[in-house]
Amino acid sequence: MLIKIFLKIFFLIPAWVLRCITLQKSLCINNQILDFQTQIFLSLQSMQNNAFENLDSIQASDLRVLVEGGREGLPLNAKSSQDVKVLDHYLLTEFGRLQLREYCPDQVSVKSSILYFHGGGYVLGSIKTHDPWLQFFASEIGVRIFSLDYRLSPENKFPCSLTDANLSLNWLVEELKIPCQEISLCGDSAGAHLAASLSTFRAIKNLELPASQCLIYPMTDPSCSSKSHTDYAEGFFLTKKAMVWFWDQLKNSDLDLVDPMFNLTITPNAKLPKTLLITAGFDPLSDEGESYARLLHESGNQVEQIHYPHMIHGFVNMTSLRAAKVATKDLLASYRKELLNI
């Protein structure tokens, strides 16, 4: 309760007051200046116990309890601009029951629908952890969103989540009668990888493609060898150590490393949906996201990249931070434009 009250007060404090209180200087790396409120927020976070310090010895289930339990109920997300109705659907599969949560704002202004995949390194996250963000998302754009609670690793290795994603897309088409060309895929981090993986899978298999995909700071390269992984290895919410561990939890065997649906650095040699790709400046995944955008472009695909140099990984789930909210509203406005052009 005290942490919630403290954060509510913190998010109201102007940046100039924070500068006077903390006497910290703005952080600049690679000619990018980190948003100051975000910088202080990261400092406060580093003072708490880091659940990712003992990845070699912790069970994934225990990590989920530590991370998701620690964030539950914290006022990290901006409030929705309109009421959003929430309805849970359940898909019966041979692997069990999949939950697909629908978000429908009071005023729907976009004909298309979005199939969303949450982030969390394929190990963490759920429709519950991303619920506040998706309510904000749906209300801001005025669009129906379907959020999939796909199976997590390491209990369910690659390609289990991809199978779930494809099943959910087919279900929307077959059961809700939403044309595939009126569905856009979207996801953040691991969810962005899953969206791109699904598009690649369907392109390779000559299946009907969704209209578009929005990839928000996607994980694409299992080698984790880019310069941004070195420059932002620690201290910026997501760490290189965590990313290496996440990939290892997802990987079923070394054969996955040469699979273009797992390793997105491999050119799929297939036409993919038009893509909006988002990167953040202070993010270990920044360089690989930019490289993937370049790969798509060089392969003849339509792609637009938007870079937010002052932001960190995960900013769409932190819209109580003023700069994160501005950046998120900006990317949603760009996404809405893409959807309206479908």
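The values are calculated or read from the model by the stated rules, or taken from the named source; none is laboratory data. What you see is a predicted model; the values in this text were computed from it and never measured. Every residue, glycine among them, receives a Cβ derived from its backbone with ideal geometry; neighbour counts consider all protein chains shown. Ligands, DNA and RNA are excluded from the accessible area calculation, which covers all protein heavy atoms including side chains. Shrake-Rupley method; radii C 1.70, N 1.55, O 1.52, S 1.80 Å.
Work out the charge dipole of the chain with +1 on the Cβ of Lys and Arg and -1 on the Cβ of Asp and Glu about the Cα centre, then indicate which of Ser126, Leu215, Asn77 is farthest towards its positive end.
Asn77
Summarise the accessible area of segment 46-122 (1.4 Å probe, protein heavy atoms) by the percent that is carbon and sulfur. Each step should come with its number before you reach the end.
Values: 2080 of 4570 Å².
Carbon and sulfur: 45 percent of the exposed surface of segment 46-122.
Report, in debye and to the nearest 20, how large the dipole of the chain comes out about its Cα centre when Lys and Arg carry +1 and Asp and Glu carry -1 on their Cβ. Write out the running numbers ahead of the final one.
Values: 30 positive and 36 negative charges, 180 e Å.
About 860 debye.
How would Val173, Val244 rank on accessible area, largest to smallest, probe 1.4 Å?
Descending order: Val244, Val173.
In degrees from 0 to 90, rounded to the nearest 10, what is the angle of the helix 286-298 Cα long axis to the longest principal axis of the chain?
30 degrees
Taking the 0 to 90 degree range and rounding to the nearest ten, how far is the long axis of helix 240-250 tilted relative to the main principal axis of the chain, both from C-alpha atoms?
For helix 240-250, the angle is close to 30 degrees.
From the cross-link list Lys79/Lys337; Lys8/Lys128; Lys205/Lys329; Lys85/Lys205, which pairs have alpha carbons spaced over 31 Å apart? Write down the numbers at each step before the final one.
Numbers: Lys79/Lys337 22 Å; Lys8/Lys128 21 Å; Lys205/Lys329 35 Å; Lys85/Lys205 35 Å.
In this structure, Lys205/Lys329; Lys85/Lys205 exceed 31 Å between Cα atoms.
Is the shape of the chain rounded, prolate or oblate, going by the alpha carbon gyration tensor and its root eigenvalues a ≥ b ≥ c, with a/c under 1.5 for rounded and a/b larger than b/c for prolate?
Here the chain falls in the rounded category.
Given H placed 1.01 Å from N in the peptide plane, which residues other than close sequence neighbours of Gly281 have an amide H under 5 Å from its amide H?
Tyr308, His310, Met311
I'd like the accessible area for Val67, computed on protein heavy atoms only with a 1.4 Å probe and all protein chains in place. Round to 10 Å², please.
Roll a 1.4 Å probe over it and Val67 shows about 30 Å².
Going by amide H atoms built from the backbone, whose H comes under 5 Å of the H on Val123, apart from near neighbours?
Placed amide hydrogens put Ser153 under 5 Å from Val123.
At R0 = 45 Å, how high is the FRET efficiency between Leu23 and Thr265 if r is their beta carbon distance? Nearest 0.05 is fine.
0.60
Considering the Cα positions of segment 1-149, please state its Rg to one decimal place and its Dmax as a whole number of Å.
When restricted to Cα atoms, segment 1-149 yields Rg and Dmax of 18.8, 59 Å.
If one takes the longest principal axis of the Cα atoms in the chain, at what angle in degrees, from 0 to 90 and to the nearest 10, does the Cα axis of helix 36-46 lie?
Long axis of 36-46 versus the principal axis of the chain: about 90 degrees.
With a 1.4 Å probe and all protein chains kept in place, how much accessible area does Asp259 have, in Å² rounded to the nearest 10?
So the heavy atoms of Asp259 present about 30 Å² to solvent.
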